[in-house]
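Coordinate-derived values only; no laboratory data. Because the structure is a prediction, the values reported are computed rather than measured.
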């Protein structure tokens, strides 16, 4: 089983290192979105820099980047002769968690990535669709009320992790899912530490705002520098 987990982790990290936000930013605007807005590579910053349609595409691809490793981990476990579903789940969890790590610290892009919200959710969706989808209305209400995406992600990641722990304790889902969700939530919150500082300072931008600022100036009040169109 350990060999399956190790192989799954390596493959998951390589998959997670694919930064769809960077690819889309370069294709649509001819820029590296890490130089603008929050400097992250996820959906929110793609919306800020490249528009809603580009952001939706980035979100779909990043969610898929979380879903695929779960099923791939199961397949790898079976190739290594792991028969029990709960044992296979550990390989799937390792593959998914490594994809989250790869998204945050990507091998192909100088270890400067995103915050793994969509990728982390995609993996949770593959692990337990009902649990993941059940929290979407709560997330939608938070976003609708605050119009600040980071508030939703900072709140929902630990809630989802706690739910997975409860489900595992009740023997409803494997402990591997809880083992995935808890450190993933910790990483997501850690990656939002600059957002937390801006929320406290009252400078966190609302959805669709802030993409015209260089990442270095994002938290400051200085003049914005517009994103240049693709040439």
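Return the calculated 222 nm mean residue ellipticity for the chain, to the nearest 500 deg cm²/dmol, obtained by summing -39500 (n - 2.57) across DSSP H runs with n ≥ 4 and dividing by the residue count.
Helices in the chain give a 222 nm mean residue ellipticity of -21500 deg cm²/dmol.
Starting from 0.36 nm per residue, how many nanometres of slack lie between residue 136 and residue 2 once their C-alpha separation is accounted for?
Length gained, residue 136 through residue 2: 44.8 nm.
Report, to the nearest 10°, how far helix 149-169 tilts away from the longest principal axis of the Cα atoms in the chain, using its own Cα long axis and a range of 0 to 90°.
Helix 149-169 and the main axis of the chain meet at about 10 degrees.
Where the convex hull is taken over the Cα atoms of the chain, what is its projected area averaged over directions, in nm²?
Spelled out: convex hull of the Cα atoms, projected over all directions, averaged, 12.3 nm².
Roughly what % of Cα-Cα distances in the stretch 1-59 sit above 18 Å, to the whole percent?
When all Cα pairs of the stretch 1-59 are counted, 39 percent exceed 18 Å.
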